[in-house]
Amino acid sequence: MDYTDLYIDGSWRTTRERFDVINPATEAVLASVASADTNHADAALDAAEAAMAEWAARTPRARSEVLRRAFELMTARLEDFARLITLENGKARADAMGEAAYAAEFFRWFAEEAVRADGLITHAPASGARIIVQHKPAGLAVLITPWNYPAAMGTRKIAPALAAGCGMIIKPASETPLTMLALMPLLEEAGVPKGLVNVLPSKRTGALVDHMLHDPRVRVVSFTGSTAVGRRLLKSAADQVLKPAMELGGNAPCIVFEDADLDIAVEGTMLAKMRNLGEACTAANRIYVHADVAPEFTRRLTARMAALKVGDGTDPGVDVGPLVNADTRDKVAAFVADAVAKGARVECGGEVPAGKGFYYPPTVLSNVPENADCVHDEIFGPVAAIQTFHDQEDAIRRANATEYGLVAYVFSGDFKRALQVCERLEYGMVGLNRGLVSDPAAPFGGTRQSGLGREGGHEGMLEFMETQYISASW
Ligand code: NAP
């Protein structure tokens, strides 16, 4: 591996303390990566502060053109990034190519947004003063990313932070730090000034992040990961009243009504469940199917799931790679065992294969009881858990019965009914007759305990900006 050290102030720094990154397909060590401590964090913050002064003063167009070059460079190297993503995360090549392209798109989208930080000038209705509203870069940002999308969860934060004019420190997931490190030479080539973007892999994550969140130069903490860690970070961010952006866990319901086009519903459910082999916060976790169509839907979904080829994700013929680590695989297996013990039926899959690699086969469970653990917790693996319902009110009530609120999916041929249902779902995003909602041009994010703030869309850049209002007379 070419890049395994810390990236601070545009140069690579080695450390005595290091940790291993494992290839989930073979369980072999892929690389030994440098581990940052709080001294490295201070050096990175110094570099980001110095670089930000000049970057924030550049014209929006100048920032936009750097982002555009980053998009073009990454698009020309999708194969290289996809290969690295597969090696450290395990996902199949097609999923990795999809992620690399999605990751690059954030540079294009925010190249376009960088020049659109619109303000406002208007008359105060009563006083006669002018109200001038403008947006300014918020300050240094700490970006913390998960392992399930090693590239895209980073670029979804880096691109808007650059567009806004901020300097940043990235703490990638310890499972998958290599992709983020490999992105740094590309950003340099695109024209990102040295010091503006720093990457600190670390095995001392809690202490490192806590230290940075208490540095007075930091103003934004943008986190994607579990709700449990998100809660902890919010507490830590409270001490300096940081601007938080939290993309947390999900428990997505997928409702298939009796009037749905079953071809579309099965295709959409496959995508919502199996994109990234189920290791996605957006993964369909609870599949509610109307009893009239449940047998046919289950038959078709099972046929599709059973036909997927499992293996090392670097093999182009493979659809489903290994899960990221043994814990994730064991957790998925435990969810299946629990559901089966409580009365669920295994339609396909359900057995951990022997041999090396953290594999779990595509699995369909029908008749999943309401008290199964997988109904209340993220499965984060290739297991489709099907339940049935008889009436719309019951489906809506059960879909909303969770503390999460990231995304829901609805399949129905009656658009009026479908929109009425969408509006009653307490989720930040809804896929209507679609199994994919992620789009750089749309505001991605959740309600309730799935998070705070939005990434992508017009909102994404505002997460890294402060609004200033000037009350003026002239
Ligand atoms: P995680 O355990 O919360 O870890 C995410 C990141 O937080 C990693 O970089 C991790 O570093 C770091 N971290 C762990 N403990 C920390 C602490 N005490 N202080 C500061 N940082 C800490 O989540 P994960 O297992 O990587 O990812 C899966 C979760 O992410 C799922 O719940 C999924 O739903 C969620 N997710 C949400 C979205 C979304 O957009 N809403 C997208 C993707 C994933 P280490 O690796 O060093 O521990």
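Each value in this text was obtained by applying a stated rule to the coordinates, not by laboratory testing. Remember, it's a predicted structure, so these values are computed and weren't measured experimentally. Positions of Cβ are backbone-derived with ideal geometry, glycine not excepted, and every protein chain shown enters the neighbour counts.
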Part-to-part distance (alpha-carbon centres) for segment 388-422 and segment 172-249, which is given in Å: 35 Å
Calculated SAXS-style log₁₀ I(q)/I(0) at q = 0.09, 0.13, 0.14, 0.19 Å⁻¹ - segment 252-439, Debye, Cα scatterers: -0.29, -0.61, -0.70, -1.31
Global geometry of the chain, whether rounded, prolate or oblate, following the gyration tensor of its Cα atoms and the 1.5 cut on a/c: oblate
Sequence-distant residues sharing a close amide H with CYS348 (under 5 Å, placed H): VAL364
Neighbour cut-off at most 11 other Cβ (10 Å), DSSP loop, GluC sites (Glu not before Pro), segment 366-474: GLU370, GLU403
Label-to-label distance, nm, for residues given as ALA50 and GLN420 (7 Å Cα→Cβ offset): 6.4 nm
Nonlocal amide H pairs with LYS243, under 5 Å, H built at 1.01 Å: VAL220, VAL221
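Only sites in a loop by DSSP and with at most 14 other Cβ atoms within 10 Å count here; which GluC sites (Glu not before Pro) in segment 95-171 make the cut?
Working: sites: GLU99, GLU105, GLU112, GLU113; in loops: none.
Within segment 95-171, no GluC sites (Glu not before Pro) qualify (loop, at most 14 other Cβ atoms within 10 Å).
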Sum of -39500 (n - 2.57) over DSSP H runs of 4+, divided by residues of the chain (222 nm, nearest 500): -12500 deg cm²/dmol
Listed residues PHE106, GLN134, TYR149: farthest to the positive end of the dipole of the chain (Cβ charges): GLN134
Total charge dipole magnitude, segment 252-439, about the Cα centre, Cβ charges on Lys, Arg, Asp, Glu only, Debye to nearest 20: 240 debye
Cβ charges +1 (Lys, Arg) and -1 (Asp, Glu), total dipole of the chain, debye: 720 debye
HN-Hα J in Hz across segment 438-449 - Karplus 6.51, -1.76, 1.60, θ = phi - 60°, x for Gly and Pro: 4, 7, x, 7, 10, x, 8, x, x, 9, 6, 8
Cβ-derived FRET efficiency at R0 45 Å, TRP12 paired with ALA124, nearest 0.05: 0.25
Kyte-Doolittle mean at least 0.5 and Cα axial length at least 15 Å: DSSP H helices in the chain: 152-164, 178-190, 262-274
Long-range HN-HN contacts of LEU406 with modeled amide H, under 5 Å: ASN251, GLY428, THR447
Mean Cβ neighbour count within 10 Å, used as a protection proxy, ranking 125-134, 89-98, 259-268 highest first: 89-98, 259-268, 125-134
Centroid-to-centroid separation of segment 305-369 and segment 90-159 [C-alpha atoms, Å]: 35 Å
Dipole of the chain, positive end: most advanced residue of ALA190, THR86, ALA57 [Cβ charges, Cα centre]: ALA57
